[in-house]
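Have a look at the structure below before the remarks.
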Amino acid sequence: MALALMPGVVACTQAPAHAPASIVGGSFSEVEGVLPDSAALLIQGVSVEFGLEPTYTQDQFGSSRWTVLAACSDAESLEQSSTIEIAVAPADAVDEQDRQAARDGAFSDAVTCSF
């Protein structure tokens, strides 16, 4: 009895790299799995941009109650960053027009990005 060996192909795929701009306009809850545990994070609550009192607190990190309006990091991808700054606003105050404006850079001054 002859045994034929078939060459196998093994592919290793890495998780996709996320540029800071890729998270803008999305829910803050979607960001949590992208951010490296070792990164220093600065989260800016920008409720005042919508005429609201500042209400973001650290215990709301990663909550779907917030929308990302701006983001930057010290590396091209969030996964490789050691410092990340994100601006968030209450999701119920942000409509689709605001999300598109954020993707177009309207809130980019909400993060300083001076790493």
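The values are calculated or read from the model by the stated rules, or taken from the named source; none is laboratory data. Owing to the predicted nature of the structure, the values given are computational and were not obtained by experimental measurement. Methodologically, a virtual Cβ is constructed for each residue, glycine included, from the backbone with ideal geometry; neighbour enumeration extends over all protein chains shown. These accessible areas exclude ligands, DNA and RNA; they are computed on the full protein's heavy atoms, side chains included. Shrake-Rupley method; radii C 1.70, N 1.55, O 1.52, S 1.80 Å.
With the condition kept exactly as written, say whether any residue in the stretch 61-73 is among the aromatic types (Phe, Trp, Tyr), under 16 Å from VAL31 (Cα atoms), part of a strand (DSSP E or B) and open to solvent by less than 80 Å² (accessible area, probe 1.4 Å).
Within the stretch 61-73 (the criterion being among the aromatic types (Phe, Trp, Tyr), under 16 Å from VAL31 (Cα atoms), part of a strand (DSSP E or B) and open to solvent by less than 80 Å² (accessible area, probe 1.4 Å)), the answer is yes, since at least one residue qualifies.
Of the residues that sit in the stretch 99-111 and are in contact (Cβ under 8 Å) with a residue 40 or more places away in the chain and not in a helix (DSSP H, G or I), which one is nearest to GLU32 (Cα to Cα)?
Residue satisfying both the conditions and the ranking: VAL111.
Check the stretch 98-112 and report whether any residue there is of a type in the set (Ser, Thr, Tyr) and in contact with a Ser or Thr (Cβ under 9 Å, 6 or more places away or on another chain).
Taking every residue of the stretch 98-112 in turn, none turns out to be of a type in the set (Ser, Thr, Tyr) and in contact with a Ser or Thr (Cβ under 9 Å, 6 or more places away or on another chain).
If I ask for residues that are open to solvent by less than 100 Å² (accessible area, probe 1.4 Å) and either aromatic (Phe, Trp, Tyr) or closer than 17 Å to SER64 by Cα (or both), which ones from the stretch 103-115 would you list?
Passing the criteria: only PHE107.
What are the residues in the stretch 80-98 that are under 24 Å from THR55 (Cβ atoms), part of a helix (DSSP H, G or I) and open to solvent by 60 Å² or more (accessible area, probe 1.4 Å), if any?
ASP92, GLU96, GLN97
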